[in-house]
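One structure is given here, and the rest of the page talks about it.
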Amino acid sequence: MLTTITDLLTALLQLLKEKHLLSKDYQEHLLFERLQEGIDEDIDRIKEIALACGYNEIVANAKSSLVSASKILEDDNDVLSIEKRIISEIEITTAKLNNNKGDGIEGTFNQYKAQEGIINVLGDISEKRLRDIYLLRFSK
């Protein structure tokens, strides 16, 4: 779950860099530059908290992240669509944590002890993605 979110964020970041560099006008160039700000830090926050909770170290593997991001971009290279997928995955993860029943987040030894921290991090990221969607409304 957390790995999926970081893979989606990695795909989004790479796509935004591409869009930024290939923009046809200056306003679009600035928009995509603005949207990519802070995504690296968001990825880092998720990976750090995941590792602190005992998550599998694959979450920190750069090659794995890039391969997964590449697969995501093969199927979907629309910024708005990926933004929405990130929000959806965050909602699924948050619901699973709030449920407090069953398996929780796979591979973690204490996800419920860190539940509040994980939910806060994911909430911050979801809010940023919603603001991105707001800005993208005006670029069409």
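Can you pull out the residues in region 11-26 that are touching a residue at least 60 places away in the same chain (Cβ under 8 Å) and of a type outside the set (Lys, Arg)?
Listed by number, the residues that qualify are Ala11, Leu12, Leu15, Leu16.
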- Task: Can you work out which of the residues in region 19-46 that are of a type in the set (Lys, Arg) and out of contact with any helix residue (DSSP H, G or I) (no Cβ under 6 Å at 6 or more places or on another chain) is most open to solvent (accessible area, probe 1.4 Å)?
- Result: Lys24
- Mind checking which pairs have a first residue in region 47-64 that is on the phi < 0 side of the Ramachandran plot and a second that is among the hydrophobic types (A, V, I, L, M, F, W, C) and open to solvent by 70 Å² or more (accessible area, probe 1.4 Å), Cβ under 6 Å, 6 or more apart or different chains? Ser64/Ile58
- Item | Scan of region 1-18 for residues that are at pLDDT below 95 and open to solvent by 10 Å² or more (accessible area, probe 1.4 Å), ordered by number | Met1, Thr3, Thr4
- Inside region 72-84, the number of residues satisfying the requirement of being open to solvent by 80 Å² or more (accessible area, probe 1.4 Å) and either farther than 16 Å from Thr10 by Cβ or of a type in the set (Lys, Arg) (or both) is 1
- Query: Which members of region 20-46 meet the condition of being over 13 Å from the mean Cα position of the chain (by Cα) and part of a helix (DSSP H, G or I)?
  - Reply: His20, Leu21, Tyr26, Gln27, Glu28, His29, Leu30, Leu31, Phe32, Glu33, Arg34
- Query: In the list Ala69, Ala60, which residue meets the criterion of being under 15 Å from the mean Cα position of the chain (by Cα) and open to solvent by less than 50 Å² (accessible area, probe 1.4 Å)?
  - Reply: Ala69
- From the option list Ile92, Ile49, Ile87, single residue qualifying as of a type in the set (A, V, I, L, M), open to solvent by 80 Å² or more (accessible area, probe 1.4 Å) and part of a helix (DSSP H, G or I) is Ile92
- Query: Does region 64-83 hold any residues that are of a type in the set (Asp, Glu) and assigned to a helix (DSSP H, G or I), and which are they?
  - Reply: Glu74, Asp75, Glu83
- Would region 68-76 turn up any residue that is over 14 Å from Leu122 (Cβ atoms), touching a Ser or Thr at 6+ places or on another chain (Cβ under 7 Å) and touching a residue at least 12 places away in the same chain (Cβ under 8 Å)? yes
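The values are calculated or read from the model by the stated rules, or taken from the named source; none is laboratory data. These numbers come from a predicted model, not from an experiment. All Cβ positions, even for glycine, are placed from backbone atoms using ideal geometry, and neighbour counts span all protein chains on display. Heavy atoms of the whole protein, side chains included, go into the accessibility calculation; ligands, DNA and RNA do not. Shrake-Rupley method; radii C 1.70, N 1.55, O 1.52, S 1.80 Å.
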